[in-house]
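A.B. asks: One structure is given below, represented as structure tokens, and several questions about it will come after.
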Amino acid sequence: TSTFTVQVTDDLLRTATKEFSLTMSCPAIAVAPTSLPGGTVGTAYSQSITASGGAAPYTYAVTAGVLPDGLDLASDGSLTGTPTTVESQTFTVTATDDNDCTGSREYTIAVVAPLQITTSSPLPGGTVGTAYSQTLVATGATSYTWAVTVGTLPAGLTLHGATGVIDGTPTAAGTSTFTVQVTDDLLRTAT
């Protein structure tokens, strides 16, 4: 807010003065993006937070809540690090412009466990003509889709994509080598 006095003089050299005050309000500062993606324990994380609507440059800080363990917000808006804990954290980022005007946005980052196949290799052997069933197991999510990506299963066996079950009745002797990929509901994959 600025306070100042204005004087007017007419052609007869008479004067009049009046005091005024003028308040300049801050513009609306928008913080982006509207949301941040989740992270995975042990996997590098990197996102940029930006602001608009005010006078650059902007500085950024967490003003409420806490970041997930292993992440750090730099004053330039870079959110980086490697998450270390499975957790979900909600926090507020405030952007301050060159005129000390601010804008804020609340974010939530969910950090999940890494996706991995825990079934050991090699799989138990089977016998030609005898029913075979083996369930593949993964950890790090609640929903999985399975597929053979390299090689082929032994003749007579099938991998069921929704359950991870390899079953059937082998029809030929021999060793088969194949690669299995699992995809979770976050579209992460492990082989």
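The values are calculated or read from the model by the stated rules, or taken from the named source; none is laboratory data. As the structure is a computational prediction, the values presented were derived from the model and not from experiment. When we count neighbours, we look across all protein chains shown, and the Cβ atoms used for this are built from the backbone with ideal geometry, even at glycine. Remember, those area values only see protein heavy atoms, side chains included, never the ligands or the DNA or RNA. Shrake-Rupley method; radii C 1.70, N 1.55, O 1.52, S 1.80 Å.
A.B. asks: Looking at the chain as a GNM with Cα springs under 10 Å, which of Asp97, Asp76, Asp11 has the largest mean-square fluctuation?
C.D. replies: Asp11
A.B. asks: Here is a further query. Kindly list the residues of region 174-191 that lie in the label zone of Val148, defined by a backbone N under 20 Å from the point 7 Å along the Cα-to-C-beta vector.
C.D. replies: So the set is 174-183, 190-191.
A.B. asks: Between Gly129, Gly39, Thr145, whose Cα lies farthest towards the positive end of the dipole of the chain when Lys and Arg beta carbons carry +1 and Asp and Glu beta carbons carry -1, centred on the Cα centre?
C.D. replies: Positive-most Cα among the choices belongs to Gly129.
A.B. asks: Obtain the nm distance between the two label points defined at Glu19 and Ala55 by a simple spin-label model: each point lies 7 Å from its Cα along the Cα-to-C-beta direction.
C.D. replies: 2.6
A.B. asks: Here's something else I'd like to know. If you wrap a convex hull around the C-alpha atoms of region 34-121 and split its volume per residue, what is the figure in Å³?
C.D. replies: 83
A.B. asks: Roughly to the nearest percent, how much of the accessible area of region 116-188 is carbon and sulfur, given a 1.4 Å probe?
C.D. replies: Within region 116-188, the accessible surface is 55 percent carbon and sulfur.
A.B. asks: Can I ask one more? Along Cα→Cβ, 7 Å out, is where each label goes; now give me the distance between the ones at Thr3 and Ser133 in nm to one decimal.
C.D. replies: About 8.7 nm, to one decimal.
A.B. asks: Net charge near Ser35: determine it from the other residues with C-beta under 12 Å of the C-beta of Ser35, scoring Lys and Arg +1 and Asp and Glu -1.
C.D. replies: My count for the surroundings of Ser35 gives 0.
A.B. asks: 7 Å from Cα along Cα→Cβ at both Ala28 and Asn99: what's the point-to-point distance in nm?
C.D. replies: It works out to 1.6 nm between the two label points.
A.B. asks: Amide H to amide H, which residues 5 or more places from Ala155 or on other chains are under 5 Å from it, using H placed in the peptide plane?
C.D. replies: Thr171, Ala172
A.B. asks: Considering only Tyr132, Tyr60, Tyr144, give the residue with the highest GNM mean-square fluctuation for the chain, with springs between Cα atoms whenever their separation is below 10 Å.
C.D. replies: Most flexible of the set in this elastic network: Tyr132.
A.B. asks: Sticking with this structure for a sec: Identify which of Leu67, Leu22, Leu79 has the largest mean-square fluctuation in a Gaussian network model of the chain, with springs joining Cα atoms closer than 10 Å.
C.D. replies: Sorting by GNM fluctuation, first place goes to Leu22.
A.B. asks: Please state the shape class of the chain: rounded when a/c is under 1.5, otherwise prolate if a/b exceeds b/c and oblate if not, all from the C-alpha gyration tensor.
C.D. replies: In terms of gyration-tensor shape, prolate.
A.B. asks: Now for a different question. So what J values fall out for region 12-26 if you push phi through Karplus, 6.51 cos²θ - 1.76 cosθ + 1.60 with θ = phi - 60°, rounded to Hz, Gly and Pro as x?
C.D. replies: 9, 6, 7, 10, 9, 10, 8, 8, 10, 10, 10, 9, 9, 8, 6
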